[in-house]
Amino acid sequence: MIAPRRRHTLSLPDGRILELGARTLLMGIVNVTPDSFADGGACLDPARALDAAMALEAAGADLLDVGGESTRPGADPLPADVECARVLPVLDALAGRIRVPVSIDTYKADVARRALAAGASIVNDVSALRYDPAIARVAAAAGAPLVLMHSRGRSRAMYREAQYADVAAEVTRELASAVRAATAAGVARSQIVVDPGLGFAKRAEQTLELLGRLQAVSALGRPVLIGPSRKSFLTAAIGERPPSGREWGTASAVAAAVILGAHIVRVHAVTPHVDVVRVADSIRAHAMPQ
Ligand code: PMM
């Protein structure tokens, strides 16, 4: 069954409006890290990051997500000034050259504030305010949309926290409480995007169940972002593969997410996913004329 997908609009700090729900938006990943599991080291140099970002935009990315700290399990937390030293030169290089909105993938208020000043226009917090709650006030003050991604624990302990009686219900409940915390800190509810955090503090089977029951998360009434790209949960279905061998698995997860109501999908490889989301959107449109 094709799930309904509500229309939403997000307001960006520069006055632009992002329309969500009519078609799926593709968020291209620009990891400015030496150690991300799928693409570590490719974009540490700002000139290479700019090339990668321009290629993603040319391929059809609607948004770019720039991050400076790897979220891979077991990664050490990075001091804010080191993270800024990675991402700010990249944001400076992108300013004026990239037309699509850029989000900053950070959980640190200080990094978010400086990234927004350097041209980012969306805050993507993989801790949903748990690590540095002040990040909500930073997004509110800038008038920037805020992505709240579900996780539990810290990177090193994440898998000890992967205990759920009902993963979809618990993730949805925890996201609802993050939405309340964000609005209490001054973020307009209309500016909040929710993300169930595929693979974060969840085992593969729990992640697959959560993705299949995405409508529980949609019931929060906020747009849904989903990030399955090349993640290890895919290997529960396709067998052991390096991240580079998980692209077709990613495409399948993206198509399922679109049919189940996702508004934004975060991927490394934009080119193949332009077709994936176009076909999934067409199926949606024919089955549920708007
Ligand atoms: N996954 C990663 C990093 N940031 N942000 C959101 N909102 N959702 C995700 O699923 C997500 C994220 C880890 O993947 P990467 O290391 O390839 O960027």
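For the chain, the convex hull drawn through the C-alpha positions has a volume of 113 cubic angstrom per residue. Summing charges over all other residues whose Cβ lies under 14 Å from the Cβ of R5, with Lys and Arg as +1 and Asp and Glu as -1, gives +3.
Using per-residue counts of other Cβ atoms within 10 Å, averaged over each peptide, order 8-19, 128-139, 190-201 from highest down.
190-201, 128-139, 8-19
Run lengths n ≥ 4 of DSSP H only: what is the helix-derived mean residue ellipticity at 222 nm for the chain, with -39500 (n - 2.57) per run over all residues, to the nearest 500? Taken over the chain, the calculation gives -12000 deg cm²/dmol. Mean projected area of the Cα convex hull of the range 166-247, taken over all directions, amounts to 5.7 nm².
For the chain, the residue among V82, P145, A93 whose Cα projects farthest onto the positive side of the dipole built from Cβ charges is P145. Start at zero, step by 5 Å, and the Cα-Cα distances of the range 52-129 spread as 3, 17, 28, 24, 16, 9, 2, 0 percent across the bins.
About its Cα centre, the dipole of the chain is roughly 680 debye, where the only charges are +1 on Lys and Arg Cβ and -1 on Asp and Glu Cβ. Within the listed set T235, T24, T207, the residue fluctuating most in the Gaussian network model of the chain (springs between alpha-carbon atoms under 10 angstrom) is T235.
Read-outs throughout are calculated quantities, based only on the coordinates presented, and are distinct from any laboratory measurement. All of these numbers come straight from a predicted model, not from anything done at the bench. Here the Cβ is made from the backbone with ideal geometry for all residues, glycine too, and neighbour counts use every protein chain on show.
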